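Okay, so here's the structure we're looking at.
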Amino acid sequence: MFNDGSFAPGTRVEIRLPSRDDQLLRDDWEPAMVASVHTDGRHVARYDKRGSWGDTERVVPMDRLRRIA
C-alpha cells in the first residue's frame with residue numbers, strides 16, 4: 001500500500017461490484033489484481049474471472065477495493 005492509501009500494482013484485491021444502475025453497490029466481491037494507479041488514487045484492476053464486461057476495470061475508487069488476506 002502506498003502512503004496515500006492506494007494499492008501498489010500487483011496487489012491482490014477484491015472489488016465490490018456496482019449494481020446495474022451504478023448508483024448502488026452490491027454485496028458481491030470479485031478477486032482481481034491491481035494493474036496500475038491513476039494520479040487521483042483510482043485504480044486500474046484486472047479481474048481473475050472475465051465477465052460480460054471484459055476483464056479490466058479502469059477507474060476503481062478505493063471505497064470499492066479491499067486487500068485479499
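Just a few scattered comments:
- Unmet requirement for R67, which otherwise passes all of (1) at pLDDT below 90; (2) open to solvent by 30 Å² or more (accessible area, probe 1.4 Å): (1)
- Flag if P9 is in a strand (DSSP E or B) and modelled with pLDDT of 90 or more: no
- Among residues of the stretch 17-49, those that are basic (K, R), at pLDDT below 80 and assigned to a strand (DSSP E or B), counted: 1
- Complete set of residues in the stretch 33-49 that are open to solvent by 30 Å² or more (accessible area, probe 1.4 Å) and under 14 Å from P9 (Cα atoms): M33, A35, S36, V37, H38, T39, R42, R46
- Verdict on S52 being open to solvent by 40 Å² or more (accessible area, probe 1.4 Å) and at pLDDT 95 or above: no
The values are calculated or read from the model by the stated rules, or taken from the named source; none is laboratory data. Quick caveat: nothing in here was measured; it's all calculated off a predicted structure. Quick note on the areas: whole protein, heavy atoms, side chains included, nothing else; ligands and nucleic acids left out. Shrake-Rupley method; radii C 1.70, N 1.55, O 1.52, S 1.80 Å.
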